[in-house]
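A quick write-up on the structure given underneath.
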Amino acid sequence: MEIGVVGNGQMGMTLEEVIKDTSYQMVKMWDVFPQDETITADVLIDFSNPANLTNILAYGVKNNIPVVIATTGYSNQELELIEKTAEKIPVLFSGNYSLGVIVMNQVVKQLAESLGETFDIEIIEKHHNKKLDAPSGTAKMLLDSVMETGEFTPVYGREGIAPRQAREVGVHALRGGTIVGEHEVIFAGTDELLSIKHEAFSKKIFAKGALVGAEWLMKQGPGLYSMEDCLF
Ligand SMILES: NC(=O)C1=CN([C@@H]2O[C@H](COP(=O)(O)OP(=O)(O)OC[C@H]3O[C@@H](n4cnc5c(N)ncnc54)[C@H](OP(=O)(O)O)[C@@H]3O)[C@@H](O)[C@H]2O)C=CC1
Ligand SMILES: O=C(O)C1=N[C@H](C(=O)O)C[C@H](O)C1
């Protein structure tokens with residue numbers, strides 16, 4: 001598999017390192033993806049910035065190349081563009097490519113179905129002090145899973161007199177040091193609390209997951225896929 005890597009920051013460099021231990025080749029790496037790229041690859045993997053999205057998707061469509069999107073922090077308009085483009089080429093999109101988080105997301109859905117009526121749900125994410133977007137792509141994915149199960153209102157942080165309302169889902173973003181990524185969802189009931197937490201100890205888990213996704217995506221037709229589609 002010949003891979004084009006978009007992003008030569010922390011994740012791009014981690015992916016390059018991980019690719020070296022496989023039979024795959026990295027054909028090129030970009031920080032800013034140009035409008036007129038001519039190089040060919042079997043698949044693009046993007047760990048960069050939403051600013052690259054339009055050019056990446058246009059390149060994918062023009063050359064009929066599948067795209068794995070790992071960048072986070074997209075606007076609703078950009079998410080619509082991803083959906084539209086996936087009608088033409090295979091696109092894999094996940095706020096998190098680690099196996100643990102994908103399974104956690106499934107469990108959160110089940111817990112929200114069972115407990116959402118009676119327990120209070122809060123999502124807490126912690127990341128390094130270089131992270132640009134908040135809340136994290138993973139926190140948004142976990143929130144979407146809760147929202148699928150019923151009528152909930154997201155509340156992003158609290159300040160001042162802000163008593164909790166029924167069916168709120170609190171979402172809290174913490175930033176500091178070199179935390180790789182931590183996500184916790186708590187289900188707080190009367191006199192009991194259930195929580196599920198994932199901690200990443202290395203960025204390699206995301207790179208390895210994206211490669212599993214890329215290999216799988218190359219065998220799919222046009223469509224918008226999740227890592228759940230890929231793994232289960
Ligand atoms: N889905 C997942 O599993 C994971 C997703 N991510 C996401 O991947 C993305 C990259 O993360 P990470 O490598 O840590 O970030 P870095 O800041 O280390 O790297 C960002 C890269 O994007 C490039 N870039 C291109 N255009 C812009 C722009 N307009 N503004 C800023 N950067 C730009 C940077 O180029 P330059 O250096 O020239 O500025 C750099 O190569 C983030 O969105 C992050 O949330 C991260 C880990 C896991
Ligand atoms: O920016 C990061 O570092 C990470 N971003 C992803 C997110 O926004 O959820 C995934 C992971 O937690 C690391």
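The values are calculated or read from the model by the stated rules, or taken from the named source; none is laboratory data. Treat the numbers as computed from the prediction; the structure is a model and nothing was measured. Reconstructed Cβ throughout: ideal geometry from the backbone, glycine too, with neighbour counts over all protein chains shown.
Annotation: Leu211 fulfils all but one of (1) assigned by TED's automatic domain parsing to the domain that holds Ala41; (2) within 12 Å of ligand 2 (Cβ to nearest atom); (3) not acidic (Asp, Glu); the unmet one is (2). I'd like to check something: does region 155-174 contain any residue that is of a type in the set (Phe, Trp, Tyr) and either surrounded by fewer than 17 Cβ atoms within 10 Å (Cβ to Cβ) or under 18 Å from Ser94 (Cβ atoms) (or both)? Yes: region 155-174 contains one or more residues that are of a type in the set (Phe, Trp, Tyr) and either surrounded by fewer than 17 Cβ atoms within 10 Å (Cβ to Cβ) or under 18 Å from Ser94 (Cβ atoms) (or both).
Between Ile69, Ile39, which is closer than 18 Å to Gly213 by Cβ and in contact with a strand residue (DSSP E or B) (Cβ under 8 Å, 6 or more places away or on another chain)? Break it down into steps so the answer makes sense when it comes.
Details: Ile39 fails: closer than 18 Å to Gly213 by Cβ.
Only one candidate qualifies: Ile69.
Among the candidates Ile89, Ile179, the residue that is among the hydrophobic types (A, V, I, L, M, F, W, C) and within 30 Å of Gly221 (Cβ to Cβ) is uniquely Ile89.
Please verify whether region 10-20 includes one or more residues that are more than 8 Å from ligand 1 (Cβ to nearest atom) and touching a Lys or Arg at 6+ places or on another chain (Cβ under 7 Å).
Going residue by residue through region 10-20, those that are more than 8 Å from ligand 1 (Cβ to nearest atom) are 15-20.
Adding the requirement that they be touching a Lys or Arg at 6+ places or on another chain (Cβ under 7 Å) leaves 18.
Yes, that holds for at least one residue.
Hey, does region 38-55 have a residue that's under 22 Å from Gly221 (Cα atoms), within 16 Å of ligand 1 (Cβ to nearest atom) and of a type in the set (Ser, Thr, Tyr)? Checking region 38-55: at least one residue is under 22 Å from Gly221 (Cα atoms), within 16 Å of ligand 1 (Cβ to nearest atom) and of a type in the set (Ser, Thr, Tyr).
Taken as a whole, the condition of being touching a strand residue (DSSP E or B) at 6+ places or on another chain (Cβ under 9 Å), among the small types (Gly, Ala, Ser), part of a strand (DSSP E or B) and over 15 Å from Gly95 (Cα atoms) applies to Ala188. Meeting the requirement of 3 or more residues that are among the aliphatic types (A, V, I, L, M) and within 26 Å of Leu231 (Cα to Cα), the strands (runs of 3 or more DSSP E) wholly within region 28-143 are 43-46, 67-69. Can you confirm whether region 29-51 contains a residue that is within 16 Å of ligand 2 (Cβ to nearest atom), surrounded by fewer than 22 Cβ atoms within 10 Å (Cβ to Cβ) and hydroxyl-bearing (Ser, Thr, Tyr)? Among the residues of region 29-51, not one is within 16 Å of ligand 2 (Cβ to nearest atom), surrounded by fewer than 22 Cβ atoms within 10 Å (Cβ to Cβ) and hydroxyl-bearing (Ser, Thr, Tyr), which makes the answer no.
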